[in-house]
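A short worksheet on the structure shown next.
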Amino acid sequence: MRNVQPLHHRITRRLPALWIAALLALACCGTTFAAASASSSHAATTGLAGKWKGHYSGAVSGHFTIRWKKTGSRLHGSITLSNPQGKYDISGSVSNGKIKFGAVSVGAKYKGKVRGTSMSGTWTSPQGGGSWSATKSS
């Protein structure tokens, strides 16, 4: 019969190395998860530049077209509204999938969430408020 004592000593001597290897593996997985999470959040908002079409309802209802330009987290462009009819300059920001922008000349403020090729939220203006949603156009 084999002597188990030497095997026990060998395992005990290697145990700290196994713990270190396990901790390193967990640390690497955590870093990978954090990077993947950050890149998916970034991916959710990188496609904002371009043309978006949507509608709004509430105190005032209608449809709109937005043309965005994006520099970092800052947005600027124009919104064409059906009611009040016209084209207005807009500016705003996006961070962690949340968007805020406004059409200063008509006093409208928009906020909401962006996910891929769609965004939606709420709006306020001197006339009241309501909800809005849009999808990216090609």
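We did not get these values from a lab; they are worked out from the coordinates using the rules stated. Remember, predicted model here, so these are calculated numbers, not experimental data. With ideal geometry, Cβ positions are generated from the backbone for all residues, glycine too; neighbour counts draw on all protein chains shown.
Assorted remarks:
- The dipole here belongs to the stretch 68-122: it is taken about the Cα centre, uses +1 on the Cβ of Lys and Arg and -1 on the Cβ of Asp and Glu, and is about 220 debye.
- Contour minus Cα-Cα distance for ARG74 and SER105 (0.36 nm per residue): 9.3 nm
- Point-to-point label distance, GLN127-SER95, nm (Cα→Cβ direction, 7 Å offset): 3.1 nm
- Residue-count net charge about SER120 - beta-carbon cut-off 11 Å; Lys, Arg +1, Asp, Glu -1: +3
- All other residues whose Cβ lies under 13 angstrom from that of GLY130 are scored, Lys and Arg at +1 and Asp and Glu at -1, for a net of +2.
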